[in-house]
Structures are given as structure tokens and as C-alpha cells.
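The values are calculated or read from the model by the stated rules, or taken from the named source; none is laboratory data. Small disclaimer: the values here were computed from a predicted structure and weren't measured. Please note: Cβ atoms are built from the backbone with ideal geometry, for glycine as well, and neighbour counts cover all protein chains shown.
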Amino acid sequence: MSVIRGKAAVLILSLISLLGVTGCWDMTEINQLAIGNLAGGDIDPETGRQIVYYQIVNPSALASQKGGGIKSPVYTYKVEAPTLAELAFGATDMLPRDLFPDHFQAYLLTERMARRGLHSYLNFLERQSNRRTDLDLIITDSPMKDVMNTYTLFERIPGRSLRALFELQYKVSGRVNPKSRIKDVIEHMESSVLTVLPIISLRDSHQASTTGRYEHIDANRGSLFLSGGAVIRKDRMIGKLSLTQIPLYNLMKNEAKVYYDKIEVNGKDVDVGAIKVKVRKRLSLVNDRPVLRVDVYADLKLLNTEQSEALSSDSLGQIKQAFNDQLADKAADLFEWSRSKGWDLFSIEHQMGKKRGKEWREALNGKEAWKQAKLEMEVRSKVTDMGAIIDPY
């Protein structure tokens, strides 16, 4: 009997406690929100006014439809204001819903804005309570108006399309570094470490801003594509890397998942892909000169070979050696090229700053001491995947 009374008491106390629950009194319905997908920033070069483009998702277009034609999956709003803070107020002048930035896929900025400096923009973001610094930061060298009014295929939400493109490039070509987020630029704001952000361009904007694009077979026309890398020092863009330079740069940073190269063996082309890449770096002083030692280890996969002979231990050894030599030569060329530009792509100055001892302090006293550094590199590889055939047809 006492057990029953105890259970009844627990039940009564539970019911009483529920009386104090107010429920979802501050709940916001989805039809009251403007769900952001992509944000684009620019600046008027003549007036200095801040410009932002908000790309808002159209939920009704993403739901299954029966007839009624194709609806726009997103809408783009352009807002102008004298300051960054006033942009938020400007958005309320035309957006009939509360802007919901939690679903932004990326931030897109123009090249001219990046070259002026991102200091004010990054400070503004950091002061927002709903900020997200894990988003990709992308630079475009095409007009922002055209880019933000371009429909994408397959992934019809442009922000998702760009993120999917970058994830694929990282896995397949090594042309995108996953550390190209807002937080990565902020982390290097007060150091000498450079950041490389992806650059996208727009190919032929004709008809890309209407839903008629979905009815044309030519997917290249009006497409957004990866065109290079923006080199960022502190908060300012100082130059560009080509699509052929970015994979090597990522490899030297030990931030590449794969690396592709074309080599020549006995006058014939051989395409190889490096996987399971490991890079070890060590900076030392030799005769008062910084020496960066880089050791690269990789497994090689034969993607294609134009050789007419059957694969053998000798031919595999030649392929391996050709890859090792060419990678070392390309790294040395990138090292010298970046030094001539005044770009410390190998982060030597940053590494020197972490060293301790009288010799290192004296070495750092020299103006741009990192430019005196020497690169020593050794590449070791082995062919682990030859494909299904050994004898060519």
C-alpha cells in the first residue's frame, strides 16, 4: 500500500512541476524566417559604400511540385549602406522576414574588396553573436552581381553547389585546401603565415539568371568554376596562385589528400596520382643560414601510361624516380618563385619565430631573414597501384 502511495506522490509532484512550463512561447515559424544560403560582399570603389548580397532559400520551390513550371530555388537581395552595421538595417527595408544566417554555406567576396583589406569585415563578423567562422571564405574575380544571380545545376542551391565542388576538388585534385575558412584567415591575422582562398569565376553569364537555364543542355554556359587561389597576407589579398601551383602548395603544407602529376619516361607520358602523402619538415641553421629540410613520402597510382612496353620492375623504378625528381624540381621552382614575389608560402618566418636560442635571435634580426633560407628536399615514393593490365594492348 505504501508503494502505491509513493508512486501517486511522484505523479502528483510531476504534474505540479509541469504547471510552470510555459511551452514554446518564443517559437518562430519557418514562414517567418528568411533562410540564408550564401552571402556576397563588395564595396563601391567610388563612394566606398558597403554592398552585400543575401541569397535566400525559397522553401516552396524545393518541395515536390506537380506542374506549375519551374520555380526559383533562391532569391537574391542586394543591400547598400554607408557602414557594415547599417547593412543589417537595410536588409529589413526589403526582406519581409527575419534573416536567418545559421544556414549560410559560404561567404563570397570580390577581389577588389579582398585587395583593399578584410580587417573591418572580419572584425564586424566577430562582434556578431550568431557568427559562424567555420564557413568557407571565397574570392571571385567576376562581377558580384552576376555571380550572385547565377543558377547552378544538380545542386540548385548555389551555396551547397560551391561547397560540394570544393569538397570534390580536395579529394580528387588537391586544388582546394580545407583550411580556407573565415577562422583560418582570422587565425593568421597577426602572424606571417599566408592563407590561400579559392577563387571562383563565372563563365558566360548569358541566361544564367533565369530558370530557363534548367532547360538547356549546355552546362558549361553560365557556370561557376574554380579558377585559382587568392594569396592572403594578414587581412589583404596580395596575389594569386594558378590551378597548377595550388596542389603543390597544399602538398608542401602537408594539407593535401592527393597529388596528380604528369611525367615523361623514355619519351612517353605517364600520369600518376600520389596518395597517402606524408610530409615532414625541419628547419635548422647551417652556417648562420636557415635550411628547410622537407621529406615527402607517397604511394603512387598509375592513372595512364603511353608506354608500349610491358610494366616491369625496371620500368616501375624509372617511373618512381622520374616522379621523385620532378616533384623536387617543382617544389624548388615554387620556393624560388614565391621568394621573388616576397611571399613566404613555406611559412619559414613563422617557424623561425618559434625557435629558441641566441643563434636564432641573431638570425631573426636580419631584415626579411626568411629570404635567406635554403630548401633541401627529398622525395621517396613507390608504385602501389598499377591497374588491371601489365601488358598494353
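Taking (1) part of a loop (DSSP other than H, G, I, E, B); (2) at pLDDT 85 or above in turn, Lys71 satisfies each apart from (2).
Condition check: among the hydroxyl-bearing types (Ser, Thr, Tyr) and modelled with pLDDT under 90. Does Ser191 satisfy that? Here the answer is no, as Ser191 does not meet what is asked.
The rows are residues; the columns are (1) buried (at least 19 other Cβ atoms within 10 Å of the Cβ); (2) within 25 Å of Tyr260 (Cα to Cα); (3) at pLDDT 90 or above.
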| position | (1), (2), (3) |
| --- | --- |
| Phe154 | no, no, no |
| Val172 | no, yes, yes |
| Ile182 | yes, no, yes |
| Tyr214 | no, no, no |
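The single residue among Leu316, Leu302 that is on the phi < 0 side of the Ramachandran plot and more than 34 Å from the chain's Cα centre (by Cα) turns out to be Leu316.
Selection of first residues in the stretch 345-357 that are at pLDDT below 90 and of second residues that are basic (Lys, Arg), restricted to Cβ pairs under 9 Å at least 6 apart or on distinct chains, gives the following pairs, ordered by first then second residue: Lys355/Arg361. Assess whether Lys278 counts as being charged (D, E, K, R) and not assigned by TED's automatic domain parsing to the domain that holds Gly40. Taking the combined requirement at face value, the residue satisfies it. In the stretch 358-378, the qualifying residues are those that are within 28 Å of the chain's Cα centre (by Cα) and touching a residue at least 60 places away in the same chain (Cβ under 8 Å), and the one that is farthest from Ser191 (Cα to Cα) is Met377. Per this entry, Leu118 is not counted among residues that are more than 30 Å from Gln351 (Cβ to Cβ) and either in contact with a Gly (Cβ under 9 Å, 6 or more places away or on another chain) or in contact (Cβ under 8 Å) with a residue 12 or more places away in the chain (or both). Elements of the type strands (runs of 3 or more DSSP E) sitting completely within the stretch 235-347 and holding at least 2 residues that are aromatic (Phe, Trp, Tyr): these cover 258-265. When the stretch 330-352 is filtered for residues that are in contact with a strand residue (DSSP E or B) (Cβ under 9 Å, 6 or more places away or on another chain) and either surrounded by fewer than 18 Cβ atoms within 10 Å (Cβ to Cβ) or more than 23 Å from Leu285 (Cα to Cα) (or both), the ones remaining, listed by number, are Lys330, Ala332, Glu336, Lys341, Gly342, Trp343.
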